[in-house]
Amino acid sequence: MATEELINHLEEKARQLRLSVVEMMGIGKVGHLGGSCSCADIVAALYYHRMKVDPQNPKKADRDRFLLSKGHAALVQYAALADLGFFPKEELQRVKALGGMLQGHPDMIKTPGVEANTGSLGQGLSIANGMALGLRLDGIESKVFVIIGDGELAEGQIWEAAMASVNFGLDNLVAIVDQNGLQATGPIIERFNTNPLTPKWAGFGWHVIEIDGHSMREIVAALEEADATRGKPTVIIAKTVKGKGISFAENNAAFHNGAMTAEQYELAKRELSIVARGGC
Amino acid sequence: MATRSLRVAYGQALVELGKEDERIVVLEADLGKSTMSILFQEQYPERYFEMGIAEQNMAATAAGLSLADKIPFINSFAVFASGRAYDQVRQSIAIPGLNVKICGSSAGLSDFGDGSTHQAIEDMAIMRAIPNMTVLVPADAVETRKMVKAMVEWNGPVYIRINRNDLPMITDIEGDYEIGKLQVVRDGSDIAVFANGVMVSKALVAADELKRDGISVKVINASTVKPLSKDEVLAHVQGCKGVVTAEEHSIIGGLGSAIAEVLRRERNLPIEFVGVQDSFGTSALSYDELLEHYGLTAEAIRDAITLLLES
């Protein structure tokens, strides 16, 4: 069981990640605000609690692996990596700038701590499978975590990979679906409905856990349950809100990839400056 | 000329190299009996992954395996390896320059019976256009075996294009394969022919025939299509009156284009392309019949040379 202290700490980290995302976006610059904020709690739980990573030695053989199959949410990963010390925080101000290390989508060559090049949707789970197979061949106990978007589930390759994970019995792999319900052009249920998710994944042979993707307690518990699951991969279906934490961006497809006005930017910063209970 | 199977040579090379190097893993998309990756499965089942008929997942899985310090070889027909899995090869493998080896088997028209859906006439163009990619086209079984070793030693993505049918043995048995090195298989001075794959042996036949007419033809086995050394190409055409390229591939984007890109400023050096003239393949009852149908013959090379010398 996670302690109150841990939960408070992770919630505070998630708040900081969202604030950092907003600051990276700035005023008038287009960016993937919505999808970065929907998975911020999950990213916080992984980087600040569950995963073993070493910012001083990003390629350490026994590290856990994090993949953002929905690579457009890179901003939230950058926020975590900078905060952990994988690269200087000043780099965050140069996100997407020519010659900078922080690309529009994750780039393992340019950015320390990024594990693969993702962003062409649908490919992350396959890459995660390959990593998990390789780690298993070498007897390394590390785990691979991959965050997938619910819009991304329309990509057929996801389901090829989902079959493969089960075929190979990859219990060193955890997929997390950030089910924020919105794709670029609107609600998934009205555009290209990828639901229902649980019967699909269960039918493919996965161990499925459904959670509220903004309940830190549920996220931590689901990751523990995944660790205890043997012989098959686990998928955590995390119900989330796109743009979570920023009133005008919540459930608003315009902020899938949008820009904030000066007023919106100030409001977002104010809303995210309220330190959560406990704080740290 | 004695013939031998390139794909058997490929499978045997994987087995041979897999014995020494445990990092080598092999992924297959249900074509192991054709690509001959099955030979590796027989020896090292724990390092062989049957990925099902799902080439896209196979390619991106290989990216993940390479990120776990393995040297994955993915196998399929050339048309699927370059076409179906193009985006995965580009995004997940080539952009980060991962150490994944891609075997495009039954390439060109060599799967003669199966028709246009299974015949790859644009894979060299596709693969060549991808930054970071190395593109190899062996002319015979010996060269195939040497190439697989060179692929393992090369750090980065490599595409190898393998013919389905037994081909004449023409390359040197001795030595190692050096990626990027063009080999002169017949020296000559009037016309330089750059060929690869099955077309190298056709070029040799053409050169023999023209010798009787007093025409001296140099035949270069351009088995590395990329990286292509500009200096080497220029050195090989030194003193020649023209250049012919010959490939079992569309004349758009393949070897001919690669050579023409290098020779674009050589005003007095006309180029003729022998290859598939911008059309898809089709079924035939024999390989030779199909090659003839598309003009991929010694005769076509001879005609191209004659044309250059007459103009």
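Would you list which aspartates and glutamates come within 14 Å of A:K143, measuring only between C-alpha atoms, while excluding same-chain residues fewer than 8 positions from it?
A:D62, A:D64, A:E115, A:D171, A:E224, A:E225, A:D227
Just flag the trypsin sites (Lys or Arg not before Pro) in the stretch B:130-198 sitting in loop per DSSP whose Cβ has no more than 15 other Cβ atoms within 10 Å.
Filter output for the stretch B:130-198: B:K181.
Give the shape of the stretch B:45-106 as rounded, prolate or oblate, defined through the alpha-carbon gyration tensor: a ≥ b ≥ c are the square roots of its eigenvalues, a/c under 1.5 means rounded, and otherwise the shape is prolate if a/b is larger than b/c and oblate if not.
oblate
Provide the percentage of antiparallel DSSP beta bridges, counting only those with both residues in chain A; round to the nearest 5.
Rounded to the nearest five, the antiparallel share is 10 percent.
Give the value in nm², to one decimal: projected area of the alpha carbon convex hull of the protein assembly as shown, averaged over all directions.
Hull-based average projected area comes out at 28.7 nm².
Between the stretch A:112-172 and the stretch B:103-165, how many Å separate their Cα centres?
The two parts, judged by their Cα centres, are 27 Å apart.
Would you pull out the residues with amide H under 5 Å of B:I220's amide H, same chain only if 5 or more places away, H placed 1.01 Å from N?
B:V185, B:V193, B:F194, B:A195
Keeping all protein chains in position, work out how much accessible area B:M1 exposes to a 1.4 Å probe, and write it in Å² to the nearest 10.
Accessible surface of B:M1 is approximately 140 Å².
Could you tell me the accessible area of B:Y294 in Å² (1.4 Å probe, neighbours in place), rounded to the nearest ten?
30
Go through the stretch A:159-208 and flag every residue whose accessible area shrinks by 50 Å² or more with all protein chains in place compared to the isolated chain (probe 1.4 Å).
A:E160, A:F168
Going by a ≥ b ≥ c, the root eigenvalues of the Cα gyration tensor, does the stretch A:51-90 fall in the rounded group (a/c under 1.5), the prolate group (a/b larger than b/c) or the oblate group?
Since a/c reaches 1.5 but b/c is at least a/b, the shape of the stretch A:51-90 is classed as oblate.
Which value, in debye to the nearest 20, gives the size of the charge dipole of the protein assembly as shown about its Cα centre, when Lys and Arg are +1 and Asp and Glu are -1 at the Cβ?
1120
Could you order A:I158, A:I27 so the one with the most accessible surface comes first? Probe is 1.4 Å.
Ranked list, largest accessible area first: A:I27, A:I158.
Chains B and A: what accessible area do they bury, summed, in square angstrom to the nearest 100, with a 1.4 Å probe?
Buried area (both sides, nearest 100 Å²): 1800 Å².
Of B:S201, B:G275, B:I252, which is farthest on the positive side of the dipole of the stretch B:178-277, counting Cα position, with +1 on Lys and Arg Cβ, -1 on Asp and Glu Cβ, and the Cα centre as origin?
Farthest towards the positive pole: B:I252.
Starting from the residue with the highest accessible area, list A:H9, A:H32 in decreasing order, probe 1.4 Å.
A:H9, A:H32
Taking 56 Å as R0, compute the FRET efficiency from the Cβ-Cβ separation of B:E209 and A:L84 and round it to 0.05.
The pair B:E209/A:L84 has a calculated efficiency of 0.20.
Carbon and sulfur atoms: what percent of the 1.4 Å accessible area of chain B do they account for?
47
What accessible surface, in Å², does a 1.4 Å probe find on A:L84, ignoring ligands, DNA and RNA and rounding to the nearest 10?
The accessible area of A:L84 comes to roughly 50 Å².
Where in chain B are the DSSP H helices whose alpha-carbon span along the long axis reaches 15 Å or more and whose Kyte-Doolittle mean is at least -0.5?
Result, helices passing both filters: B:6-20, B:55-67, B:141-153, B:199-212, B:298-310.
Which FRET efficiency, nearest 0.05, do A:M51 and A:I274 yield, Cβ-Cβ r, R0 35 Å?
0.80
Using the Karplus equation 6.51 cos²θ - 1.76 cosθ + 1.60 (θ = phi - 60°), what ³J(HN,Hα) coupling, rounded to whole Hz, does each residue of the stretch A:30-43 give in order, writing x for Gly and Pro?
With the stated coefficients, the stretch A:30-43 comes to 6, x, 8, 5, x, x, 6, 6, 5, 9, 4, 5, 5, 4 Hz.
Would you mind checking A:K70/A:K232; A:K52/B:K70; A:K13/A:K200; A:K59/A:K232; A:K96/B:K149 for any pair whose Cα atoms are more than 30 angstrom apart?
Checking Cα-Cα distances, A:K13/A:K200; A:K96/B:K149 exceed 30 Å.
Students sometimes get this wrong: rank A:T185, A:T198, B:T245 by accessible area, probe 1.4 Å, all chains present, largest first.
Listed by decreasing accessible area, they come as A:T185, A:T198, B:T245.
Checking the a/c ratio against 1.5 first, then a/b against b/c, what shape does the Cα gyration tensor give for the stretch B:22-133?
Because a/c hits 1.5 or more and a/b fails to exceed b/c, the stretch B:22-133 counts as oblate.
At what distance in angstrom do the alpha carbon centres of the stretch B:185-255 and the stretch A:2-74 lie from each other?
56
Give me, ordered by chain and number, the residues 5 or more places off A:V144 or on other chains with an amide H under 5 Å from its own placed amide H.
A:R65, A:L173, A:V174
Skip the ligands, DNA and RNA, and give the accessible area per residue of chain B with a 1.4 Å probe, whole Å².
Per-residue value: 38 Å².
The values are calculated or read from the model by the stated rules, or taken from the named source; none is laboratory data. For clarity, every value in this text was computed on a predicted model and none was experimentally measured. FYI the Cβ positions are ideal-geometry reconstructions off the backbone, even for glycines, and counts take in every protein chain you see. Protein only, heavy atoms only, side chains kept; ligands, DNA and RNA dropped before computing areas. Shrake-Rupley method; radii C 1.70, N 1.55, O 1.52, S 1.80 Å.
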